[in-house]
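K.L.:
Have a look at this one.
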Amino acid sequence: MKSCRSQILFFIGCLVGLFTVTNSNSVSADTSFFGKISLSPSEAVKAVTGYTGGSYSLSTISSRDRQKNLCIGFADPKPDHILVLEKDFPKLNIKVNSNGYDTTLLIVGPDDKTVRCGDDTGESKDASINGNDWKAGTYRIWVGSFKAGVRRNYKLSLQE
């Protein structure tokens, strides 16, 4: 009886430990897989690299963006990039180049309410967001793939 009780307490302890580890992965505005990007209006273009992957549905973060576009794709719960806009941008174009693989974008603004989502760009399966009225602040960016668990290298370009 005593060893059974010890095993049950050990099992409960493991569950509590697992729960703590799982919750410590919650999304923070200060952490990302591929780092922080700072952008000011004086910079014409900036580009960073990364790779897609994960099986976390981006529609869990938001099902639609501020223009009622669907938010789709799969990534990791942690954002891929943190974008810091040092000033307001009247216009900003963010584009994924993965050599034509099917990518998606989800960007959450500084107020956690402004969401922008992107999918195919014209003939290309790569995602982009070409939007107006970007307020200064910190944005979380997820670059996803259309199918869960697919890993594709990409270049993310930002241009005013």
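The values are calculated or read from the model by the stated rules, or taken from the named source; none is laboratory data. Model, not experiment: these values are computed from the prediction. Note that each Cβ is placed from the backbone with ideal geometry, even for glycine, and that neighbours are counted across all protein chains shown.
K.L.:
Do you know which residues across the stretch 58-82 are more than 15 Å from Ala127 (Cβ to Cβ) and without any contact (Cβ under 8 Å) to a residue 40 or more places away in the chain?
P.N.:
If the condition is that a residue be more than 15 Å from Ala127 (Cβ to Cβ) and without any contact (Cβ under 8 Å) to a residue 40 or more places away in the chain, then Thr60, Ser63, Lys68 are the ones that fit.
K.L.:
Say we look at the stretch 92-111 and pick out the residues that are of a type in the set (Gly, Ala, Ser) and at pLDDT 95 or above; which of these is farthest from Thr52 (Cα to Cα)?
P.N.:
Applying the filter and picking the extreme gives Gly109.
K.L.:
Follow-up. Looking at (1) on the phi > 0 side of the Ramachandran plot; (2) exposed (fewer than 14 other Cβ atoms within 10 Å of the Cβ), which is the only condition Asn132 fails?
P.N.:
Only one criterion is unmet by Asn132, namely (1).
K.L.:
Let me ask another. Only residues in the stretch 32-47 that are part of a strand (DSSP E or B) count as the first member; pair them with residues that are at pLDDT below 90, Cβ under 9 angstrom, at least 6 apart or cross-chain, and list the lot.
P.N.:
What qualifies is Lys36/Asp30; Leu39/Glu160; Val45/Glu160.
K.L.:
Residue by residue through the stretch 70-98, note down the ones that are more than 16 Å from the chain's Cα centre (by Cα) and more than 15 Å from Ile141 (Cβ to Cβ).
P.N.:
Hits for the stretch 70-98 are Glu86, Lys87, Asp88, Pro90, Lys91.
K.L.:
Another question, then. Quick test for you: out of Thr114, Thr138, pick the one residue that is in contact (Cβ under 8 Å) with a residue 60 or more places away in the chain, more than 18 Å from Thr49 (Cβ to Cβ) and either out of contact with any helix residue (DSSP H, G or I) (no Cβ under 6 Å at 6 or more places or on another chain) or of a type in the set (Asp, Glu) (or both).
P.N.:
Thr138
K.L.:
Considering only residues that are crowded, with 20+ Cβ neighbours inside 10 Å, over 15 Å from Arg151 (Cα atoms) and in contact with a Lys or Arg (Cβ under 8 Å, 6 or more places away or on another chain), which ones fall in the stretch 84-110?
P.N.:
Across the stretch 84-110, the qualifying residues are Leu85, Leu106, Ile107, Val108.
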